[in-house]
Protein chains: 2
Amino acid sequence: MNATCPVPESRYAQIVLGHGSGGRLSQNLLEQVFLPHFSGKTLALLEDQAQLLPPSEPGARLAFTTDSFVVSPLFFPGGDIGRLAVCGTVNDLCVGGAIPQSLSAAFVLEEGFPLADLTRIVVSMAATCREAGVEIVTGDTKVVERGKADGVFITTSGIGVIPSGRQLSIAALHPGDALIVSGPIGDHGIAILSVREGIDFETELVSDCAPLASLTCALFELGLKIRAMRDPTRGGLSGVLQDMAVRSNVGIEIDEARVPVRDEVRAASDLLGLDPLYIACEGRLVTAVAPDDAERLLAAMRAHPLGQGAAIIGHAVTEHPRTVQMRSRIGGERVVPVLSGEQLPRIC
Amino acid sequence: MNATCPVPESRYAQIVLGHGSGGRLSQNLLEQVFLPHFSGKTLALLEDQAQLLPPSEPGARLAFTTDSFVVSPLFFPGGDIGRLAVCGTVNDLCVGGAIPQSLSAAFVLEEGFPLADLTRIVVSMAATCREAGVEIVTGDTKVVERGKADGVFITTSGIGVIPSGRQLSIAALHPGDALIVSGPIGDHGIAILSVREGIDFETELVSDCAPLASLTCALFELGLKIRAMRDPTRGGLSGVLQDMAVRSNVGIEIDEARVPVRDEVRAASDLLGLDPLYIACEGRLVTAVAPDDAERLLAAMRAHPLGQGAAIIGHAVTEHPRTVQMRSRIGGERVVPVLSGEQLPRIC
C-alpha cells in the first residue's frame, strides 16, 4: 500500500507468543508499531479504557457497532484488512445517521506473522481513520500459536453521535420510496476473488472499500426525507433490499437495467457463476428516500466523489410485501431469493 | 456450565461457512443461537448499529474499551471463553470508575465448531451480562475455514458511564498510597494451566473470573480517595504494579508475606517454575488509595463477596521511582522485574 512504511527496529521480524504476554514484548509492539501511527492523545494514556466526552447537543444519541474482519488475502487491489476494518465500522455508524467519532481495534495475531505486514496494515488503518475523521482510542492485541489463526484478524468497534431528530431505520420504508445505490456494485467482492482465483482483467479492478462519512454527512445536510441507509456488504445489494422489505413490511421492485455493475464485475461473475446482486461492496450506500426527494438526493450523491455512479434502481411498493422482485433486462419479473449458502467466504 | 442449555433445532450441528454469509444461514444462527439469549430490545432491532442514550448527568464521561479473547481451552474450571469475554471488558470499564452499560460481541468461528458449544458459550455470556448489569446491544459473526482459527475467538467492546468528578488513573499515585488487592492472585491462570497440563489438585481450583461491577460500585459509593484501579489480567499483579510505578513516577514496595496466594496456586507455580506475581487473574482488583482511607477501603472490600480475601500488600514510595520492589518472606529486598517473554500463552 505504501512504499514508505517504516518497519520498526526490533530484534523480531515476526510476531512471537511473547508479543501477547502483557509484558515487555507487548509493550514494545505497542510502542514500535501501534502508538506511532495511532497517535491520538486518548490512546497514548494507555489506561484500560478510553474516556470520551458525551455529545453536548440535547437529544443527540450514541451509535455503537462492531465487526470482525477475516478477509483473505490480507492485501488486495484497492485495500487491505486494515482499511476494511476501519471502513466497515465507520460505515455501519454512518448508515445509522451517526457522525463517526471513536474506534477500538483488537488484533488476533498468528505467531510468525511478519511485523512488516502488521506495520503496513496499521499505517493503512491510520490513513483510513484520517480520511474518515475518526480516531482509534483503545485497543488490544492477542497472539495465538502458529496454525491457530490465519495471519491476522481485526475487530473494530465504533462510537458515533446521531444528531437530535435524525431517525433512520430499515423498518421505516413507505411504499413509493425510491431506492438509490451510490455506485457500481460488487467491485469489492470481485477484486478479492480475482486475487484468489488468479483472474486477470484488462484494467485493474479495485475494491470500492471507502469510508462513507463524508458522503453521508453531505446528504444529511440537505434535510431530505431519508428513511434508511445501509452499506451492502456481506449478502450484497440483495441482502440489504431483503432486510428493508422484511423489516418495513413492504415489497421492493428493482429494475435490472438500472443497477450499476461494471463490465469486469459482470464478466467475472458470469465466469464464476455468481450474481452481482449478492456480491459484497465495502464503500457503497443503499438509500431509501421519499419519492419527492429522490431526484435531489441522486443529484447530491452524484456531485460527491463517492457517489458519482449513483442510480435510482427501484421503489418500495405495497404489493408482495416482504419480497424483492426484479424486472429483468428482457422484461420479465422474478423474485430475488434470499442467499441460502455461502457465496464468497472471507470477503470481509 | 449449564446442563439445561437448549441446543437449537437445526439441520446443522456444526458451523459451516454459510453461517458467515450474511444470508439465510447467518439469519438462522442469529435467530436460533444469539437472539434467544441476548434478548435486549436494542439488539433485536437488527440495525447495523445500536442506538443508545448518552448519560444525562452533566459532567459524566463515557468509557470505551475492547478486548479479544483466545483462551484455550474454551471451557475451564470456573468459566469459559464467553464468561471471560464479558468479564474482561466489564472489568476494564469498572477500573476506570465507569458503570458498565452496553457491550458488543464479535465472534470469529472455525468451520466445524459444534453448535452445542457455541450455544453453551452464548448462554454463559448472557448469564454473566445479567450478573454484571450490562446488555449486549450489537454484534457480528464471521466464519473461517477449518484450520484457520481455533474453535472460536470472541471480541467484546464495552461502553460505560463515568459519573461526574470521578477521576482515576494509573498515573495518579502519590507516595504513601496503599496498594490493596481484592483476593488471592493467580487462580485464573493456574486453573487454565491445570487443565492444559493435566494437574490434579486435591480440591478443585477454579478461575476467579467474575464481573467486578458490584464491587467497584460499592467501593466508589464510600467517597474515598481512590487514585487508581486495575484488574491484574495478562502480566498479573506484577504488570499492574509496574504500570502504576512507571506512569505515576513513584516507587512501589510490596511485602511478599502479605500477597494472598492460595496453597494450590503456590504449589502448582513451584511445580511449573512460574511466579504467581505474573499469573493472570480475571476477577481481582488492585486499588491504590490514599493512606488515611486504606483501612476503610479494605474493610469495605472484605464485606463484599468478591473482596473477601482482600489485603493491603504494600505502598507507593518516593524512593526508586518507576521500580517495584518486594520484601521477601525471609526479609530480603528484591526488584520485581518486568515480564520479558510469554509466561502463559492464551490465558484470556
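The values are calculated or read from the model by the stated rules, or taken from the named source; none is laboratory data. This is a predicted model, so every value here is computed, not measured. Ideal geometry is used to build each Cβ from the backbone, glycine not excepted, and the neighbour counts take in all protein chains shown. Keep in mind that these areas ignore ligands, DNA and RNA; they rest on the heavy atoms of the full protein, side chains included. Shrake-Rupley method; radii C 1.70, N 1.55, O 1.52, S 1.80 Å.
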Could you list, in sequence order, all residues of region A:258-280 that are within 23 Å of residue A:298 (Cβ to Cβ) and in a helix (DSSP H, G or I)? A:258, A:263, A:265, A:266, A:276, A:277
Single match in A:186, A:96 (criterion: within 13 Å of chain B (Cβ to nearest Cβ) and under 14 Å from the mean Cα position of the chain (by Cα)): A:96
Taking residue B:296 as the residue in question, decide whether it is open to solvent by 20 Å² or more (accessible area, probe 1.4 Å), of a type in the set (D, E, K, R), touching a residue at least 12 places away in the same chain (Cβ under 8 Å) and part of a loop (DSSP other than H, G, I, E, B). no
Residue count, region B:299-309 (criterion: open to solvent by less than 10 Å² (accessible area, probe 1.4 Å) and over 17 Å from the mean Cα position of the chain (by Cα)): 1
Scanning for something within 14 Å of another protein chain (Cβ to nearest Cβ) and touching a strand residue (DSSP E or B) at 6+ places or on another chain (Cβ under 9 Å), does region A:219-228 turn up at least one residue? yes
By residue number, the members of region A:218-239 that are open to solvent by 10 Å² or more (accessible area, probe 1.4 Å), under 18 Å from residue A:88 (Cβ atoms) and part of a helix (DSSP H, G or I) are A:239
Quick one: is residue A:209 under 18 Å from the mean Cα position of the chain (by Cα), more than 12 Å from chain B (Cβ to nearest Cβ) and open to solvent by less than 20 Å² (accessible area, probe 1.4 Å)? yes
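Results for (1) under 30 Å from residue B:242 (Cα atoms); (2) at pLDDT below 95; (3) under 25 Å from the mean Cα position of the chain (by Cα), shown as yes or no for each residue.
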position	(1), (2), (3)
A:35	yes, yes, yes
A:38	yes, yes, yes
A:60	no, no, yes
A:72	no, no, yes
A:80	no, no, yes
A:84	no, no, yes
A:100	no, no, yes
A:104	yes, no, yes
Look through region A:38-70, keep the residues that are open to solvent by 40 Å² or more (accessible area, probe 1.4 Å) and farther than 30 Å from residue A:230 by Cβ, and return whichever of them is farthest from the other protein chains (Cβ to nearest Cβ). A:39
Since residue B:178 meets every condition but one in (1) at the interface with chain A (Cβ under 9 Å from one of its Cβ atoms); (2) open to solvent by less than 10 Å² (accessible area, probe 1.4 Å); (3) more than 22 Å from the chain's Cα centre (by Cα), which condition does it not meet? (1)
Is it the case that some residue within region A:12-28 is crowded, with 16+ Cβ neighbours inside 10 Å and on the phi > 0 side of the Ramachandran plot? yes
Considering residues of region B:241-255 that are assigned to a helix (DSSP H, G or I) and open to solvent by 10 Å² or more (accessible area, probe 1.4 Å) only, the residue farthest from the other protein chains (Cβ to nearest Cβ): B:248
For region A:113-152, what are the residues that are open to solvent by 20 Å² or more (accessible area, probe 1.4 Å), more than 20 Å from the chain's Cα centre (by Cα), under 19 Å from residue A:28 (Cβ atoms) and within 11 Å of chain B (Cβ to nearest Cβ)? A:141
Do we have any residue at all in region B:57-80 that's in a helix (DSSP H, G or I), out of contact with any Cys (no Cβ under 6 Å at 6 or more places or on another chain) and not small (Gly, Ala, Ser)? no
Checking residue B:33 against (1) more than 7 Å from chain A (Cβ to nearest Cβ); (2) outside any helix (DSSP H, G or I); (3) of a type outside the set (D, E, K, R); (4) open to solvent by less than 10 Å² (accessible area, probe 1.4 Å): exactly one of these is not met. Which one? (2)
Run down B:284, B:266, B:262, B:258 and say which single residue is open to solvent by 10 Å² or more (accessible area, probe 1.4 Å), among the charged types (D, E, K, R) and within 14 Å of chain A (Cβ to nearest Cβ). B:284
Restricting the search to region A:71-80, which residues are open to solvent by less than 10 Å² (accessible area, probe 1.4 Å) and within 12 Å of another protein chain (Cβ to nearest Cβ)? A:71
